[in-house]
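Here is the structure we will look at, set down as structure tokens.
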Amino acid sequence: MWGDYGTNKILCEKYYSSVFPNTYIIRPPYLYGQGNNVYREAFAFDCADFNRTFYLPENGTMKMQFFHIDDLCRFIHILLEQKPEQRIFNVGNAQSISVKEWVNLCYAAAGKTPAFKSVDTSVPQRNYFCFHKYEYALDVSRMSALMPETISLSAGLNKSYDWYKAHKDEVNRRDYFNYIDNDLKISEKSNVKA
């Protein structure tokens, strides 16, 4: 699914560490927040704003990990100020969250409650959903030792929604709705409780 993406990142880290030994390397999970032009939370916000049913990959239990852009900037400031000896940091919210929980929070930011339908694995997830079928969790304990508090996902998504309402034209949309409306075939027994 990711091809050489992960291995190339490791090669870049090794190169920069060898050429610039004082470099800090930050490994974030999914970034979100004001200014995000990737069609992730904006997709869920659009679904909420248009009162659309949300199509969940399988039963929505796939786990994802997030990090608000404000927290990333704050952590970079801490690194530059404190200059810790540790050079590589995984960053992110300490807890992962399920797809279904994430969608509920996105709809809540828009003042809505989602209705769900489940999509089985025979349908490629990226045709109708904004994340790859890939679950991971970063150990962020080293980051947490320097910055114990992070913005809650709920508060961060509320800030994201407020930004998005005024900047919809700055997001690079994908045509999930066209696929959902015209090509997605699912079982009638696919309803999932909110």
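The values are calculated or read from the model by the stated rules, or taken from the named source; none is laboratory data. Computed from a predicted model, the values in this text were never measured in an experiment. With ideal geometry, Cβ positions are generated from the backbone for all residues, glycine too; neighbour counts draw on all protein chains shown. These accessible areas exclude ligands, DNA and RNA; they are computed on the full protein's heavy atoms, side chains included. Shrake-Rupley method; radii C 1.70, N 1.55, O 1.52, S 1.80 Å.
Odds and ends about this structure:
- Lys117 vs. criteria under 30 Å from Asp183 (Cα atoms) and over 16 Å from the mean Cα position of the chain (by Cα): yes
- Just so you know, in region 106-151 the residues that are closer than 30 Å to Arg87 by Cβ, in a loop (DSSP other than H, G, I, E, B) and without any contact (Cβ under 8 Å) to a residue 24 or more places away in the chain include one that is least open to solvent (accessible area, probe 1.4 Å), and it is Pro148.
- Boolean, Glu85 is over 21 Å from the mean Cα position of the chain (by Cα) and of a type in the set (Asp, Glu): yes
- Scanning region 153-166 for residues that are out of contact with any helix residue (DSSP H, G or I) (no Cβ under 7 Å at 6 or more places or on another chain), touching a residue at least 24 places away in the same chain (Cβ under 8 Å) and open to solvent by less than 70 Å² (accessible area, probe 1.4 Å) yields Gly156, Trp163.
- Hits in region 14-61 - residues which are closer than 19 Å to Leu184 by Cα, of a type in the set (Phe, Trp, Tyr) and open to solvent by 20 Å² or more (accessible area, probe 1.4 Å): Phe50, Tyr55
- Within region 76-105, being under 21 Å from Tyr16 (Cβ atoms), in contact (Cβ under 8 Å) with a residue 12 or more places away in the chain and of a type in the set (A, V, I, L, M) holds for Ile76, Ile78, Leu79, Ile88, Val91.
- Failed condition for Asn182, given (1) open to solvent by 50 Å² or more (accessible area, probe 1.4 Å); (2) of a type in the set (S, T, N, Q); (3) touching a Gly at 6+ places or on another chain (Cβ under 7 Å): (3)
- Within region 152-178, the set of residues being part of a helix (DSSP H, G or I) and of a type in the set (Asp, Glu) comprises Asp162, Asp169, Glu170.
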